[in-house]
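S.K.: One structure follows; several queries about it will come next.
The values are calculated or read from the model by the stated rules, or taken from the named source; none is laboratory data. Computed from a predicted structure; not experimentally measured. Positions of Cβ are generated from backbone atoms using ideal geometry, with glycine treated the same way; all protein chains shown enter the neighbour counts. Areas reflect the complete protein model, heavy atoms only, side chains present, ligands, DNA and RNA absent. Shrake-Rupley method; radii C 1.70, N 1.55, O 1.52, S 1.80 Å.
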Amino acid sequence: MPCTVVAGAFWGDEGKGKIVSYLALKDKIDLCVRTGSVNAAHTVWIEGKRYAMHMVPAAFTYEKCRLLIGAGANIHVAKFLEEVELTNVKNRIGVDYQASIIEEKHSEQDKTNAHLKGLGTTGWGVGPAIEDRVRRTAKLAKDVAELKPYLTDVAAETNNAIDAGKKVLLEGTQGFMLSLFYGTYPYVTGRDTSASAICSEAGVGPTKVDEVLLVFKAFMTRVGAGPLPGELPREEAVKRGWFEIAAGTGRERRSAPFNFEIAKRAVMINGATQAALTKLDIVYPSCKGVRKYEDLPLEAKEFVKDVERKVGIPVVLIGTGQEALDIVDRRA
Ligand code: IMP
Ligand code: MG
């Protein structure tokens, strides 16, 4: 457990926010680093209240957890400050000096730049901000007055915590199939989203990681353009109760059944050692709220076994409802 990377297996929205918020509470995580950017919304339900976090790590749910945003991340300053206020984490959140900044113009460029037309980006400006970073013209966190109180060396803090045996989570954003390198190019995001990239953005080397927890949803969804193997017609998705509206953008998500080939490839390239399977209660409604494996209905257990058999790693966490604690936890 000391250092666990949490990554998404499909097109984002697998429930990483729920898994990270659960682990933070259950395992009393000492430190959590969020990677990526504001285009990803991580939904956390805690005591009936819903949070959709675009910047603050989902581990805010455990009040002693140190929250960090890595050097590889891109900061939307206004959204960051708003969420820090909302979650009341001012005294325990830090941003790396070298994280780069999304400016007003980037969001404009996301909507108007011809080369991005038809990709269905989230419109937050993350791609254009990364373009500026690659050009070596980006503004960095250390250049922003409002971020002064939060600046820190995230890599140093994180490696020191790991070396001291503390419990550390590296919170990935988006999903493997949106990876710039391994996803459905050009219908992808502007960065690699795999476990290795999450480590790199946080400043943690591969020898320091103990577990890679890959998060699958019991069915697949996708927002924006690009292929979705096995895509269901909208009416069928509605009928099955799989129809979703995106937490970040309010856009409709397309959906499809769980795809074992995609899942296997995601396990391979992420070097996954463990799986989480969320929203099992959406596919098998009688799972709702169940917290013990033996209380799951037979067909749901069969599905879990099938996933384990076909993708080759244990399903250690199973999501059975929206609340952070609606989980079957099969870890020893
Ligand atoms: P961008 O990341 O805003 O440039 O968007 C590129 C593609 O990735 C679009 O299809 C978006 O809908 C998708 N995307 C980006 N972030 C997320 C996410 O967190 N969840 C789901 N889809 C995302
Ligand atoms: Mg999301």
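S.K.: Quick check on Glu171: is it farther than 17 Å from Ser200 by Cα, of a type in the set (D, E, K, R) and at pLDDT 95 or above?
M.R.: Values: farther than 17 Å from Ser200 by Cα: no; of a type in the set (D, E, K, R): yes; at pLDDT 95 or above: yes.
No; evaluated as a whole, the condition is false for this residue.
S.K.: Take the residues in the range 91-124 that are farther than 19 Å from Lys139 by Cβ and β-branched (Val, Ile, Thr), then tell me which one is farthest from ligand 2 (Cβ to nearest atom).
M.R.: Thr112
S.K.: Looking for whichever is open to solvent by less than 20 Å² (accessible area, probe 1.4 Å) and modelled with pLDDT of 95 or more here; the options are Thr193, Thr189, Thr207. Which one fits?
M.R.: Thr193
S.K.: Still on this structure: All but one of (1) touching a Leu at 6+ places or on another chain (Cβ under 7 Å); (2) open to solvent by 10 Å² or more (accessible area, probe 1.4 Å); (3) within 11 Å of ligand 2 (Cβ to nearest atom) hold for Gly15; state the number of the condition that does not hold.
M.R.: Of (1) touching a Leu at 6+ places or on another chain (Cβ under 7 Å); (2) open to solvent by 10 Å² or more (accessible area, probe 1.4 Å); (3) within 11 Å of ligand 2 (Cβ to nearest atom), only one is false for Gly15: (1).
S.K.: Could you list, in sequence order, the residues of the range 217-259 that are under 20 Å from Ala276 (Cβ atoms) and polar (S, T, N, Q)?
M.R.: Once the filter is applied, which keeps residues that are under 20 Å from Ala276 (Cβ atoms) and polar (S, T, N, Q), the range 217-259 yields Thr221, Ser255, Asn259.
S.K.: Can you name the residue in the range 63-77 that is within 30 Å of Glu104 (Cα to Cα) and not small (Gly, Ala, Ser) and, of all such residues, is farthest from ligand 1 (Cβ to nearest atom)?
M.R.: Arg66
S.K.: Now a separate question. Given the structure, is Ala256 surrounded by fewer than 16 Cβ atoms within 10 Å (Cβ to Cβ) and touching a Gly at 6+ places or on another chain (Cβ under 6 Å)?
M.R.: No: the conditions fail for Ala256.
S.K.: Now for a different question. Considering only residues of the range 50-60 that are in contact (Cβ under 8 Å) with a residue 40 or more places away in the chain and in contact with a strand residue (DSSP E or B) (Cβ under 6 Å, 6 or more places away or on another chain), which is farthest from ligand 2 (Cβ to nearest atom)?
M.R.: Across the range 50-60, the extreme among qualifying residues is Ala59.
S.K.: Out of (1) at pLDDT below 95; (2) open to solvent by 40 Å² or more (accessible area, probe 1.4 Å), what's the single condition that is false for Ala246?
M.R.: Unmet condition: (2).
S.K.: Looking at Ala275, is it closer than 29 Å to Val126 by Cα, open to solvent by less than 50 Å² (accessible area, probe 1.4 Å), aliphatic (A, V, I, L, M) and touching a residue at least 60 places away in the same chain (Cβ under 8 Å)?
M.R.: Considered against the rule, which asks whether it is closer than 29 Å to Val126 by Cα, open to solvent by less than 50 Å² (accessible area, probe 1.4 Å), aliphatic (A, V, I, L, M) and touching a residue at least 60 places away in the same chain (Cβ under 8 Å), Ala275 comes out as yes.
S.K.: Output the residues belonging to the range 18-62 that are open to solvent by 10 Å² or more (accessible area, probe 1.4 Å), among the basic types (Lys, Arg) and either within 16 Å of ligand 1 (Cβ to nearest atom) or modelled with pLDDT under 95 (or both).
M.R.: Listed by number, the list holds a single entry, Lys18.
S.K.: Based on this model, can you work out whether Val144 counts as modelled with pLDDT of 95 or more, under 18 Å from the mean Cα position of the chain (by Cα) and among the hydrophobic types (A, V, I, L, M, F, W, C)?
M.R.: On the way: modelled with pLDDT of 95 or more: yes; under 18 Å from the mean Cα position of the chain (by Cα): no; among the hydrophobic types (A, V, I, L, M, F, W, C): yes.
The answer is no for Val144.
S.K.: How many of the residues in the range 23-49 are in contact (Cβ under 8 Å) with a residue 40 or more places away in the chain and not in a loop (DSSP other than H, G, I, E, B)?
M.R.: Matching residues across the range 23-49 total 14.
S.K.: I'd like the full set of residues that are farther than 18 Å from Thr122 by Cβ and either within 16 Å of ligand 1 (Cβ to nearest atom) or not acidic (Asp, Glu) (or both), limited to the range 78-87. Please lay out each step first, then the result.
M.R.: Of the range 78-87, the ones farther than 18 Å from Thr122 by Cβ are 81, 84-87.
Matches in the range 78-87: Leu81, Val84, Leu86, Thr87.
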